[in-house]
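This report refers to the structure that appears directly beneath it.
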Amino acid sequence: MTERVEMSLTQRLKGAVGLGRSLFIYWRPGRQTSLQRLYRPFIVPGDIAFDVGAHLGDRSAAFRSLGAQVVALEPQPELARWLARLLGSRSITLLEMAAGAEAGHADIALSATHPTLATLASEWREQIGQRNPDFRQVRWEQRLRVPVTTLDALIGEHGQPAFIKIDVEGFEAEVLKGLSHAVPALSFEVVAGALSVGNACISRLEQLGDYRYNAVSGEQRRFLWPHWQPAHRMQQWLESGADALASGDIYACRSDHSLFN
């Protein structure tokens, strides 16, 4: 059930502009080539990949191009429609669902003028605008009741993924609570002002297995360090401010991953 808030013409125009900006950022020429290069160490043909918070599907497209069977979760109906238009259904299972610690239903907060932003993390939503200037103008005017699944449930239905991408605006640690065993590799988003979420994700992963970590800044497609880091060093980096990183993704590979052989 959606809590509907009547949008002004200005808001609708800003929303269209925001969507257009995101389409350009995520689908500009050359981006797919570099994304495929980034993910090639983690995915081989025939693998399964999960895209949790698929948004406009650029990562799903890269996974599929590398030969993966993709399970893409996008709870926002409009973005899910765009993803379906852009990618079709070949080798992609699109689920209009969120992921969390437990299966059920939850209210996701949406921004009318920033249509690619949505979050289930209420405390994060209340604080991020004060802590991160990039979110200062974001208003969470709408709510949408969405079904929630878990990573364990997805694995039970679709199989073990070689790679999981998680980008869910501050809810990443909750998503990992729904995973009960160590998968080969994954990534999760971190943003300035809420780096503690990244630390919580690492703590959860270390409960599941022995991982090594690296990071990508913003929308770049290369790792920050030539050598992968143990958990304590990555957590120290986050606790010290992550070298003023505005946003990015932390990548985790199980210590027995073929990447290290």
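Do we have any residue at all in the range 113-127 that's more than 30 Å from Gln229 (Cβ to Cβ) and assigned to a helix (DSSP H, G or I)? Looking for residues that are more than 30 Å from Gln229 (Cβ to Cβ) and assigned to a helix (DSSP H, G or I), one finds at least one in the range 113-127, hence yes.
Restricting the range 136-185 to residues that are modelled with pLDDT of 95 or more, part of a loop (DSSP other than H, G, I, E, B) and open to solvent by 40 Å² or more (accessible area, probe 1.4 Å), the residue that is nearest to Gly209 (Cα to Cα) is His181.
Within the range 222-261, being buried (at least 17 other Cβ atoms within 10 Å of the Cβ) and of a type in the set (Lys, Arg) holds for one residue alone: Arg254. Annotation: of all residues in the range 189-219 being more than 15 Å from the chain's Cα centre (by Cα) and either of a type in the set (D, E, K, R) or open to solvent by 50 Å² or more (accessible area, probe 1.4 Å) (or both), the one that is nearest to Lys177 (Cα to Cα) is Arg204.
With respect to the conditions (1) open to solvent by 20 Å² or more (accessible area, probe 1.4 Å); (2) under 15 Å from Phe171 (Cβ atoms); (3) in contact with a helix residue (DSSP H, G or I) (Cβ under 6 Å, 6 or more places away or on another chain), Glu126 lacks only one, and its number is (3). Only one entry in Ala72, Ala99, Ala109 is modelled with pLDDT of 90 or more, open to solvent by less than 20 Å² (accessible area, probe 1.4 Å) and over 16 Å from Ala49 (Cα atoms), namely Ala109.
The values are calculated or read from the model by the stated rules, or taken from the named source; none is laboratory data. Fair warning: this is a prediction, and the values are worked out from it, not measured in the lab. Glycine gets a Cβ as well: all are built from the backbone with ideal geometry, and neighbour counts include every protein chain shown. Quick note on the areas: whole protein, heavy atoms, side chains included, nothing else; ligands and nucleic acids left out. Shrake-Rupley method; radii C 1.70, N 1.55, O 1.52, S 1.80 Å.
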